[in-house]
Structure formats: structure tokens, C-alpha cells
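Please treat every number below as a calculation from the coordinates, not as lab data. Keep in mind that this is a model prediction, so the values were computed, not measured. Virtual Cβ from ideal backbone geometry, glycine too; neighbours counted across all protein chains shown.
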Ligand code: IPM
Ligand code: MG
């Protein structure tokens, strides 16, 4: 008789796309942390495949990624992305050729950006305590100002014309607002602020407001309000505790999320999830910071934004125990000024911060890594 315990080990297939600049440093750091997590439990592990797409690939092949690149990652369980941006290639080329190609190709329409002031982080809002700033920004990630609709004519002539049309569809607005209401409902305060600009943008944003009102009726337990995007910036600074979940269009949320990250102490910490909530395609997780060419290759990049993005990846995969363990580890290292990188005023290196997180994970009881 054999006495073999049947254990079902799950293997998550992860595509890593470091991209450009410090993406090449923080993505391997994120992979190391995932490997440290896999080593702590026998329920799941990861299988990584790396894709060298980005500026260097462009110089060699004339495109940021291969024409059939999406097919190479379509069957992955998740994508860990670094950043795009290269000083020698126009920004709209790098963005549209890689990151937006993946976001739009996989219809990752919900971009989720949590912001909190982590322990030990010196944030600029002196009048508010760390507990007063605990937000999740939901960014419409598939259309609006980033639709790519528009064009140029009469180029080089005095009558040159250019348009960028912000295109909003009822289906697109409905699905992002419904996602935001649902997310707000899942958080303790059940509070949603819908960002708008319907006073000036009198077509699409008026439709946005109408749909917000319609969708709100499906969520009677969610308290919600509307705020003009300009007024929202002042409210974020002056009355941060009045906000919890925030939903905005693609461009509005792009701007508000940089403000949010700065108010929480550093762009180097902030994470993002580009989600396909319907799970037809893999979702993509990335730090919100850019490629930071000024510090690339020096080992100085803050990997915390990537680690927090990995937390979001683990949550998306349903590995809630591991996600919680990693978030605890992140909060322990931010609490220690000796482990602050340059963006936080410290001198720690990417490798030191990564080692510290892996050491904390290695010391935690294995049972803690199981999904709840
Ligand atoms: C972000 C970034 C990008 C964006 C840049 C790199 C084009 O700022 O993810 O917020 O605007 O979407
Ligand atoms: Mg941005």
C-alpha cells in the first residue's frame, strides 16, 4: 500500500515584461519575491516567461513588440510589467507600441490604483494622519481620451490641424462605473466619488453623469457623490478623509493618480492593476512610476511599487494569504528608514530592499501563505 497524499499544486504562468529603464531592475526584483513566496508553500508555484520587448527591441526590429506578441502571452495567468519610455524614441510610440497595445488588446478596462501612506513614509500632507488617506482610484482604461481617435491634416502648413477625440461608449462607461460601485461596496466605508467635468465637457461627460446615476440604483448600500475633477484635486489635499473609492475617466484618473501617489509619499511606491474583470484575458500588474532613465542601471530604483503590484496580482489570482503576507512584509520594510531608497530620502539599493522582503517572507510560518 502506498500512502501518497494527493496534493494539487497549482502552477501560475506569469509573463514578465521589464520594458525600459528601471523596469529591467524592478521586474526581476518582483520575480524574486514571487519565487520567495512559492518557496513558502506547497499549494502553488510560478512558471515565468520573460519577454524582452521595449525600446531595445524597437531599435532592433522597428516595433516595440512582435506583431503576434499578444498571442505569446494570451494564455498566461498574469503579466508583470515594468515600464516603457526611452529617451531616444517618442513617448507616444513607446506607449502605443507596447503598454496600450496590451491593455487595449486584452480589454483590460479597469485600471485600479490603491493609495495609502505606508508605515515609515514621510508624506507631504502635514495636516492629515496616515489613516486619513486610504483611497482606491479606478481609472477607465480602454477609451475616453486615450481612444487614439483623431488625426492631423495640412501638416507643416500654417493651417495645420490636429484632433484627439475623447470617445466614450455607453457600454464602456457602464462597465467601469459598475466595477467601481462594486469595488466601493467591497470596502468598509462603501463610499464612491464619481469624478466628472460635465460643466465644460457637455456631451460625453453628461452621459457619464447620467450613467453614474443609473448604475448607482443597483447599489443602494453605496454612498456616492460627484466631484468636478479640478475641485477633486483640492479636496484630495484639503479633505483627504472624505474620499475612499474614486472613479474617473482615463485622463482624469491618470492625473489624479499621480497626485495621489505624491500625497502618499512617493511615486516609487504606487502600484497598478490593469484588469480584465471578466477574465477573458490575462490582467497586467505594474508599478505606476516610469522608466526613470536618470537612475537606470545603478540599482537604486525603489522596487516597492512593483512588490505592491505583485500583491494585487496575488489577490487577482485568489492567493489572498500570500498577498497579505507580502503586504505585511512591504509595510515592515517601509517602516525601517534604513531600507528606504533614494526617492524616499534614503540610501538603500534595489537589492537590499528585495533581500529584506525575501528574508521576512522566509521567516513567516508557511501556513500563513494559504488562501483564506
Ligand atoms: C500611467 C502613465 C502612462 C499613462 C504614461 C506612461 C503614458 O502615466 O500609467 O499613469 O498616462 O497612462
Ligand atoms: Mg500617469
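Here are a few things to note about the model shown:
- Per residue Cα convex hull volume in Å³ - calculated over the range 101-219: 200
- Antiparallel content of DSSP bridges confined to the chain, in %, to 5: 45
- The radius of gyration of the Cα set in the range 244-314, together with its Dmax, comes out at 13.4, 39 angstrom.
- Between the beta carbons of residue 258 and residue 200, assuming R0 = 30 Å, the FRET efficiency works out to 0.90 to the nearest 0.05.
- Shape metrics for the range 169-291, restricted to C-alpha atoms - Rg then Dmax, Å: 14.6, 42
- If you model the range 15-123 as an ellipsoid using its alpha carbon gyration tensor, with each semi-axis the square root of five times an eigenvalue, the axes come out at 25, 19, 15 Å, biggest first.
- Taking 1.002 mPa s as the viscosity and 20 °C as the temperature, the Stokes-Einstein diffusion coefficient of the chain based on its alpha-carbon Kirkwood radius rounds to 99 µm²/s.
- In terms of other Cβ atoms within 10 Å, 80, 361 run from fewest to most in the order 361, 80.
- The fewest-to-most ranking of 281, 109 by surrounding Cβ atoms within 10 Å reads 281, 109.
- Ascending count of other beta-carbon atoms within 10 Å, so fewest first, for 246, 89: 89, 246
- Overall dimensions of the range 75-166 as given by Cα atoms, namely Rg and Dmax in Å: 18.9, 55
- By the helix-only formula, in which each DSSP H run with n ≥ 4 contributes -39500 (n - 2.57) and the sum is divided by residues, the chain has a 222 nm mean residue ellipticity of -11000 deg cm²/dmol.
- Calculated P(r) of the range 303-372 - Cα pairs past 20 Å, %: 28
- The reciprocal of the average 1/r between distinct C-alpha atoms defines the Kirkwood hydrodynamic radius, which for the range 1-70 equals 14.4 Å.
- Semi-axes of the equivalent ellipsoid of the range 35-83 are 29, 12, 7 Å, computed as sqrt(5λ) over the eigenvalues of the C-alpha gyration tensor in descending order.
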